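For reference, the structure discussed in these notes is given below.
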Amino acid sequence: MTGIDDAARRERLRRWRMVLGGPADESLGEAQDRDSRMDAALAALYDGAEDADGRRTSRGAGLGGSAPKVARWLGDIREYFPSTVVQVMQADAIERLDLTRLLLEPEMLAAVEPDVHLVGTLLSLNGVMPAHTKDAARQVVRKVVTELEERISQKTRAAVSGALNRAARINRPRLTDIDWDRTIRANLKHYQPEHRTVIPERLVGYGRRTTAIQRDVVLCVDQSGSMAASVVFSGVFAAVLASMRSLKTSLVVFDTAVVDLTDQLADPVEVLFGTQLGGGTDINRAIGYGQQLITRPRDSIFVLISDLYEGGVREQMLRRVAEMTTAGVQVVVLLALSDEGAPAYDHENAAALAALGVPAFACTPDAFPDLMAAAIERRDLMGFAQRFAER
């Protein structure tokens, strides 16, 4: 038991040394071998350097603004840490060490670990990105988009197709179209104990499959800087929805201007490079444009993805939403469409929308297919939002 206890003690000391860094060398001993290299990678980002007078500075010790050093560091952290930790460290490096400009160099892009947040950073640099960097940037974005499509496309198509089939349910189906599970549920009160069976008075079935467009979907996405991850996920979801024949999908992005990206939905990478993160916000103008795309209100779903900080005319924004709901449009407001949860948002506008019967909540990408299914079936979206918030 003594040997086991000693090994556990050494491991605890080792872990504390890695947490505390170089200042703990005297009491816990220096990091050795692989731990030493991991410690150096962490220190380069999180430990302050000393100036000529011995004072701690806010710059990282060992990275500075040198592209070769940063490229080597990126390679080191990918070797020593799992990808989820690498993504956090990359994001910290961009923020703490002001490395954004280095992402404009192709060799740097080849060294980073692609993720949604990196894509958001690249999109924000789109306007100043030199031509020789854009090919490398597109490769990074395409890799992330491909991974996201693999994650969400199957569930989205299954959820939406199932909802469309259920929404098309009819009460005088052919034999092959009878939904026996729903039929039995609808007729349980007609159970005959003596015959030990249900005698259905009403048959429930699915509508016959059709290639006609059954729903119009308008995604209206705020492209202000705080919505970067939501813009990325929205673009990929819009492309998946646009690939389904039963839906007519439109994608509109906005700041103080409105850009319709619907004609680019065949390629989500082109969609993302068609956005321009940053700038102000005019939600009212964007909703006004989206209204023009709706020709069948009761068969339409309008999804506004925004933190609701309105720079336009608030009263008219709320009036437009009220007009759509009165006409029968299913309106949903997502404060974010990302894995991070609810961001900072305008609580007053969210409350005003809730008073109109329009839910406003943050939604994760994994829950978005279920949300679309609920909207297609015209279920209680306020209830959906409440259940999601309680998870």
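What follows draws every value from the coordinates through simple rules; no lab data is involved. Keep in mind that what you see is a predicted model, and the values were worked out from it rather than measured. All Cβ positions, glycine included, derive from the backbone under ideal geometry; neighbour counts span all protein chains shown.
Key figures
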| item | result |
| --- | --- |
| Packing-based ranking, highest mean first, of 146-157, 212-223 given that Cβ atoms within 10 Å are counted | 212-223, 146-157 |
| Set of aspartates and glutamates with alpha-carbon distance to Lys134 below 19 Å, sequence-local pairs under 8 removed | Glu105, Glu107, Glu113, Asp115, Asp267, Glu270 |
| Additional length obtainable on full extension of the chain from Ala110 to Arg15, 0.36 nm per residue less Cα span | 31.0 nm |
| For region 83-103 versus region 344-385, the gap between their alpha-carbon centres in whole angstrom | 33 |
| At q = 0.25, 0.27, 0.31 Å⁻¹, base-10 log of I(q)/I(0) for region 93-132 (Debye sum, equal scatterers on each alpha carbon) | -0.93, -1.09, -1.36 |
| Cα gyration tensor shape of region 262-312, rounded if a/c is under 1.5, else prolate or oblate by comparing a/b with b/c | oblate |
